[in-house]
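Inspection log for the structure reproduced underneath, given as structure tokens.
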Amino acid sequence: MKLIRAIIRPEKEQDVVLALEGADFPSITKAHVFGRGKQKGLQVGPVHYDMLAKVLLFMVVEDSDLEKVMAVISDSAKTGFIGDGKVFVSDVEEAYTVRTGETGL
Amino acid sequence: MKEIMAIIRGQKVNETLEALYEIGVVSVTVHSVNGRGRQGGSIMENIDPEMPKDIEYVSKIYTSPTPSSMAGSSALTKPIFWMPKNLLDFVVSDVPVKKVVDTIMKVNSTGKHGDGKIFVLPIRDALRIRTGETGEKAII
């Protein structure tokens with residue numbers, strides 16, 4: 001299993017979530033975060049924004065579904081401008097459902 | 001070293017933290033997050049019994065509007081799209097993972113949907129900023 005952490009634009013959140021739901025991946029956790037990237041924030045005239053608002057999506061998927069989920073996220077979150085976000089993938093060894101105690105997703 | 005991420009109900013956080021303290025897990029980070037699981041959100045049947053379970057009927061016009069029939073008129077498929085949850089995030093090295101998982105499950109099991117999930121991730125390295133210690137020493 002893989003943990004996907006996707007940092008996306010807040011205005012694209014609903015697009016991404018509905019696209020994932022359409023692709024049969026309804027389980028998502030989101031957190032509203034502030035961050036900056038390689039560009040060190042945003043310069044708009046005299047005003048410098050050090051940290052920009054983003055949405056962080058957490059998802060755990062099976063290894064075989066990883067490519068499909070990545071394609072859905074990158075298609076739906078893309079605008080082509082700086083600040084579209086990043087996706088990080090890490091390994092998950094075990095997953096448990098609290099209600100039933102089952103392992104796996 | 002393993003990182004444990006547990007997504008649990010907000011009202012169970014203090015109880016879980018106390019139970020974790022008893023078995024020796026003292027350092028925990030708590031995030032307040034929103035999430036949805038395999039059910040894809042929730043409908044307001046507990047709050048509003050008039051709410052039909054079938055999604056097709058949600059957009060129907062009701063003669064006496066209820067809070068959930070108003071919520072159902074949005075583009076979202078379920079009136080409660082995001083459920084507030086808390087994410088406990090911590091790294092353990094000396095406490096067995098199985099014991100931690102069992103403790104979290106014992107406290108959080110209510111038998112209803114939405115109890116949450118626990119994920120176990122491998123951690124390669126850790127660093128304590130104050131002293132510069134790395135590895136297992138940084139966690140204990």
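A few points about this structure:
- Number of residues in the range B:87-140 that are within 10 Å of another protein chain (Cβ to nearest Cβ) and of a type in the set (S, T, N, Q): the value is 3.
- Selection status of A:LEU57, touching a Lys or Arg at 6+ places or on another chain (Cβ under 6 Å), facing another protein chain (nearest Cβ under 10 Å) and not β-branched (Val, Ile, Thr): yes
- Residue satisfying condition, being in a helix (DSSP H, G or I), over 21 Å from B:LYS85 (Cβ atoms), touching a helix residue (DSSP H, G or I) at 6+ places or on another chain (Cβ under 9 Å) and more than 10 Å from every other protein chain (Cβ to nearest Cβ), within set A:VAL87, A:VAL72: A:VAL72
- Those strands (runs of 3 or more DSSP E) lying entirely in the range A:1-58 with at least 2 residues more than 19 Å from A:VAL89 (Cβ to Cβ): A:28-35, A:42-44, A:47-49
Where a number appears in this text, it was derived from the coordinates with a stated rule and is not lab data. Fair warning: this is a prediction, and the values are worked out from it, not measured in the lab. Note that each Cβ is placed from the backbone with ideal geometry, even for glycine, and that neighbours are counted across all protein chains shown.
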